[in-house]
Structure formats: structure tokens, C-alpha cells
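Notes for the one structure printed next.
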Amino acid sequence: MEKKGIKEKKLPLGFTFSFPCQQTKLDESVLLSWTKRFKASGVEGKDVVSLLRKAIQKRGDFDIDIVTVVNDTVGTMMTCGYDDQHCEIGLIVGTGTNACYMEQMRNLELLDGDEGRMCVNTEWGAFGDDGSLEDLRTDIDRELDAGSLNPGKQLFEKMIGEMYMGELVRLILLRMAKEQLLFQGKTTAELLTTGGFKTTDIYAIENDKWEGLASAEKVLRGLHLEPSKEDCIATQRVCQIVSTRAAHLCSATLAAVLRQIRDNKAAEKLRATIGVDGSVYKYHPEFSRRLNKMVRRLVPDCDVRFLLSQDGSGKGSAMVTAVAYRFAAQQAERQRILDTLRLSRNQLLEVKERMNEEMARGLSKQTHEQASIKMLPTYVRSTPDGTEHGDFLALDLGGSSFRVLLVQVRSGTKSNVDMHHKIYSIPQETMQGTAEELFDHIVDCIADFLKYRDMRGVSLPLGFTFSFPCHQRHDVLIILCCGYDIVYENIIENEFDLNFVAVVNDTVGTMMTCSYEDPKCEVGLIVGTGTNACYMEEMHNIELVEGDSGLMCVNMEWGAFGEGGELDDFCTQFDRVVDACSSNPGKQRYEKMISGMYLGEIVRNVLLDFTAKGLLFRGKLSERLKTHGIFETKFLTQIEKDRLAMRQIRSILQHLGLTSSTCDDSVVVKEVCSVVARRAAQLCGAGLAAVIDKIRQNRNLNQLSITVGVDGTLYKTHPHFSSIMQETLQDLAPQCQVTFHKSEDGSGKGAALITAVACRIMTQDNNCEV
């Protein structure tokens, strides 16, 4: 809409709706019941914001963005809180009555989160609707309630509010007249009429002793009565009793609220300000004094100040709206940033297609060198068939320590595998030394293990799990390490009487371990510190090795996917920072978007960006959060656990030096963790969909049923990673029915099983004896 060349601005609106509502959000409020003589149909049980929006749209000549629905009591507290930071209670005593206060989140069981505070609208006018005030209510109260628009409802309000106080006085005067105690036992039509005696009449009658008596006479004569001086004095006394009871009832409930706040803070002495509004409090000559005095008597351990609000329902609504509008703008900016980390189905299909293209390039001899996914042949030609048996040694090298294992495989029963192992550390200087130093250390450890197991002189086949990117050429291992080729050929054979049969990647070991228990397992997947996959490929598709018949396991080394730019479209500013600050910039791009080594760092960079833009932690950074690698992926896993309370999330943030973080900060951090982990799981699912669909197409099947053996701490420990990954796979490869089998010790047991399969095949060819 344009006016005079200027585009009209959509204005934020605060909607003060002073009736009992169930509020689920700042801009969503369902009317529970009408009060104050309202009875409009079709509103109770409905969201009043939606009704107002429809009316605005129906009119059509202006556009307003309804940001908040504000109760007048909350508006009063907010208005007074602007002038007095100790104001954490709002009180209305007017046509009706209500109170609100700042409650600790930990006490609000209806909401998630237990850190920080939230304003609670008590709707205390309904106090007593459950019968809890029956011993205090009189016959007059019951008569008034029976004649009201909502019998049995808002009983506390009917003992206090301006709408009912005058009616209580009228009913008392009528009862006394009928009992010959007033007006010489005479009544009039006006005295018999509901609403004939107004609460404003009480204000005038109680204004001053002598002026009040004159006012009483005037009011009574207005009811066509002929009052005596004693009648006027009695009427004044009735007004005092009714208004004093109202003030004291209000004091008692306020005292309960003050004690709740004091107990929440575990304070011996509470200093609190109560923001007040409403015609009874403002205009009744004695109500405020009686209320203040009784509150101080009931809670002497509270230093209470009453602050009169100036247009709390209007100004307070605008203030809440201003705060909410700022929060909404911040939330919109956070979502805009997080949207860069969210992937659509079309984007995931594109990832699957590009993965498939790179797989084909990696398998082709002509394009293998240029492919980002190397599709390395493993020379593993078969999965276990259950006939494997014997004793095997296995080495598992993949970090700062390694294991030597004795694995005993018994044929006939697939689960009959016994393992014994010993863990050895690798000194830092050995890890970074020469090949000779590394393998001499390994040989020393093997010797120690054989001595430990009393197995010197025994001839056993050996499987070696080496979880680093490798080219494999039968029994020769070429390790690509820092640009150097380190060739290790049968060194162990020269030292011991061991038959070195198989070099094993941990991903292949995972597949073999699971295949031993499930013959349909032909894919291995690792999602832990790093990520990788392998699968059984048709020999005629593997151009790097000779032979066209049968199958061979291909170690994809898919963590490198993206090194040729295949993922540039999906990389965010945070991915680029993480890559640039890594030890291998430009390498393992897919792995850096998925694996446990990097997810925490992605989250940390998002949090840094949010904080720098004032969207988190009030714009204040901690030095610890600036530290590379400080936000570990285990934190991400812990934070995403559904049952993890906000207080525990905050304890993680405090560990990161964010000691002043709020419950809202915890909610944002949890959302960031969720978005980053979800993208990782979806990317992994898209890659796996490419692998599974390729197997189906290789075999010209309409439907494929297959099992994936999987291992890795991220997959096993993250509460949602596995389910999101599986959902993505199912969506992108609907013609494949995939079962996931968690591996148990794929690197150790798997190495032995590969060795066992190799020996079985060699034995069948009369080339190996076990």
C-alpha cells in the first residue's frame, strides 16, 4: 500500500485483553470465560488474537502486526517496573481484581525450562471457585453470586471488585430493612433493584465522617427512602465493613504471593514493589491505606512498597510489545542465519546425485585421480558365510593407543567369537617419528602380548586394522602420510612366526563384523570422530583392479567428498571458518560437515556469530567460548537429550565461561545444536542413499533389502542422529528397505573376521593352512 510515494509501515500492536485467558505464546491467547458482564458468543475457547486479525483483514484499510496479548495486570507490573526495578508484582483492584508476579521457571511445571523467571497471571478472581472460601462466604455473598451472570465463578472477585461491592451493600441494607433494623422496615422499588446502590456511592459515603453521612443521606434519598441519622450512620458502617473486608482479603492473597517470592529467593528479608492500578484502589478513600497496613502486618519480613501505575493497561501493553517486537526481530534474524544450515529435500537429492557422480569417477581408471571420492579397492572379496574357524591375531591402530587381540572363531554358531586383548600406548615422539620407529614399537607390543598369553612359537594369521586413508595392494600397505609414501612389507613376518594375511580399514571391519551376524550386511558406515563408508561393489565396475566377476569391498573414503567443490553450494560461512582453521584446509569437506570432530566447532562459530550480533548472551562473549575446540561435540549430544533440563544446559554454558546465561540463551543454544546435528544426519543419509541405490541399480532390482553395519560414537550416542539419518535415507531411496546393525568392535573383531574369510578362501584354493 502506497501513500504519497511512501510505503506504509506495518505497525506492531499490543492487545490488552483483561479477561481470564490461557496464553500459550505472547501472540496467542484463548479466552477461558467472560467476566465483567461480557457475554459475546463465539469467543470463549477461541484465540482472541485470531479473531482480531480476521476483523482487521475484513476491514482492509490498515495493516497491523499483533505482537503481544497483554493482561492489564501484567501491563501494570511492566509499567511500574520501568520506574522501579524491584517491581515484580502487579495488582488490579477495579471493576474486577487480579494479580501477577514473577515466578521462578523451575516451579512452572506446565512449561519446559527451569532457569530464569516468567510472569504468572494468577487470575485470582477465580479463587474460591473450588469451594476453598466457603467458610468465609456469607449468605449475602451467595445471594449476590446466584443473581450474577456467572454463578459459581469468580467468587473471590465478587467479594472485592467494584462491580460487586455496591451490590453487596445493597443486599445487606435490604436484608436489614426487611428485618426491621433500618428504614423503619420499609423498602422501595429502587432498593429492590439490582445495581441500585453503586460502588462509587461507597467512595462518597466513606470519604469523611460528616461529609460521608451527608453523602449517605443523599444516596438513600435517591433510593426514595426516608433515612434517619441512625440509618445514615448504619449505612456508612456497612460500607466500611464491606470495603474493609475487600481490602483485607486482597491483603491476605498478596501476602501469599510475597511469601512465595521470598521463599523462591531464600531471602530472610524481601524488598518488593507492587505495581497497582484499578478504580477501587485509586478512588476509594481508605482502601489503599487498609490494604497497605494489613499487608505489612501479615508479612513483617517483607519491605513492601506500593507504586500506583499510570495507565498500566495502555503504557504497559506498549512496553511489553516493544520488548516482544525486539525479541521477534532477534528471533527472525537468528532463524535467517540458521536457515543457511537447513537443507531442503531438493538440496539433499542434489547431494545424493553428486555423491553418485563422484563414486563413478572414483571407480573409473580414467577419472580416479581427479575424483574426490577415491573408491579404494580393499581386496576383500567375500563376507563371512559361517564356516570360518580358528585363532587369529588382530592389531587395531587408529589413535594414540592401539590394541593387540586374540580372536577365537568357532564355526557352526555365528555368535561364537571369543576375544582377548591388551591396550598399548604410543608415545608422542613415536607417533611423529619415522616409520621404522613406529613399527618397531608395534612389534615390541606384539611380543609382549604373545608372552602375556603364553603363545610364543605359535603360528597365527594376523589382521591389521589401520584406520587411515590408504591405497591397498594385496599384502603391501602404502600409507599416505604428510606427502611421503611409507612402505611396510611383511615386517612382522620377519620377527615372528605370523602369517600376515589382511590389512583392514575400520569401516570394512565394521561391515564384516555385522555381516558375520547378518548375511545381508553389505555396507559399512562409520560416524564418529570422522566418517567413512564401504560397500560390496561389482568387480566389473572397479577399473583399478583386474577381473570382472564377483564382488569386492570398496573403501569409499567419502569424508573427502566436496574437495572438488561438490559441496560449495551447501557450505555456510561457519563451514568455511571451521575448514580454514583446521589442520587440513580444503580437505575432508564432507567429513567436516558431519563428524564428531567438527560439529561442536560449527556450533561454537554459530554461537560466536549470534553473540557478536547481540542475538545471544546479551552480546557478551566469554574468553573460553573464543577458544578453538572448546565446544566439544559431546556437549552437543548432551544438550540435545530430550530429558535434559535447561538448568543442565546452563551448567554446560557456565563451564564455557558464560556464567550469566539465561534460560532463553539455553533454548537458543539447544536449537543451534539441533540444526547443526540435523544437517549432519541428513547429509550422511543422502550419501548413504547414493550408496544403497547404486547397489540396487547394479543388480537391476526394483526393490532391495539390505543391512548396513554401523559404528561410531556420534551415531551411537546422539539422541536423534540415527533416526534423522534413517528417515532421510528412506525418503531419498524409497525402493530400498534398509536395516541398521550396530557393530560391536568392528576394528578388532572385524580385522580377525576378514583374516578368517581370507584364510577360508585361500584354504579352498589350497594356499593357506590354519
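Residues whose amide H lies under 5 Å from that of Val527, counting only those 5 or more places away or on a different chain, are Asp711, Gly712, Tyr715; hydrogens are built 1.01 Å from N in the peptide plane. Note on Lys209 and Arg297: with the Förster distance fixed at 30 Å, the Cβ-Cβ geometry gives a FRET efficiency of about 0.80. Across the range 288-403, the mean sequence separation of Cα contacts (distance under 8 Å, 6 or more residues apart), normalised by length, yields a relative contact order of 9 percent. Counting only protein heavy atoms and a 1.4 Å probe, the range 557-604 has 34 square angstrom of accessible area per residue.
Each of His421 and Ala329 was given a label point 7 Å from its Cα along the Cα-to-Cβ line. The distance between the two points is 5.7 nm. Sorted largest first, the spans of the alpha carbon positions of the range 546-660 along the three principal axes are 65, 30, 22 Å. Residues in the range 102-111 carry Karplus couplings, in order, of 8, 9, 5, 4, 5, 8, 9, 6, 6, 10 Hz; the curve used is 6.51 cos²θ - 1.76 cosθ + 1.60 with θ = phi - 60°, and Gly or Pro positions show x.
Hey, can you find the accessible area per residue of the range 73-310 for me, probe 1.4 Å, expressed in square angstrom? Before the final figure, lay out each step's value.
On the way: 11030 Å² over 238 residues.
Ligands and nucleic acids excluded, the result is 46 Å² per residue.
Seen from all directions on average, the range 496-604 presents a Cα convex hull projection of 10.4 nm².
Pairs spanning more than 25 Å between alpha-carbon atoms, out of Lys46/Lys198; Lys641/Lys742; Lys592/Lys742; Lys422/Lys520; Lys374/Lys670: Lys46/Lys198; Lys422/Lys520; Lys374/Lys670.
Here's how it looks for Ile274: its modeled amide H is under 5 Å from those of Arg305, Phe306, Leu307, which are all 5 or more places away or on a different chain.
Backbone amide hydrogens, once placed in the peptide plane, bring Cys521 within less than 5 Å of Thr707, excluding anything fewer than 5 places away on its chain.
So if the hydrodynamic radius of the range 73-310 is defined as the Kirkwood radius over C-alpha pairs, what does Stokes-Einstein give as its diffusion coefficient at 10 °C and 1.306 mPa s, in µm² per second?
Stokes-Einstein gives a translational diffusion coefficient of 84 µm²/s.
In the range 73-310, the portion of solvent-accessible area held by carbon and sulfur atoms comes to 51 percent [1.4 Å probe, whole percent, DNA, RNA and ligands not counted].
The values are calculated or read from the model by the stated rules, or taken from the named source; none is laboratory data. All values derive from a computational prediction rather than experimental measurement. Note that each Cβ is placed from the backbone with ideal geometry, even for glycine, and that neighbours are counted across all protein chains shown. In case anyone asks, the SASA skips ligands and DNA or RNA and just uses the protein heavy atoms, side chains included. Shrake-Rupley method; radii C 1.70, N 1.55, O 1.52, S 1.80 Å.
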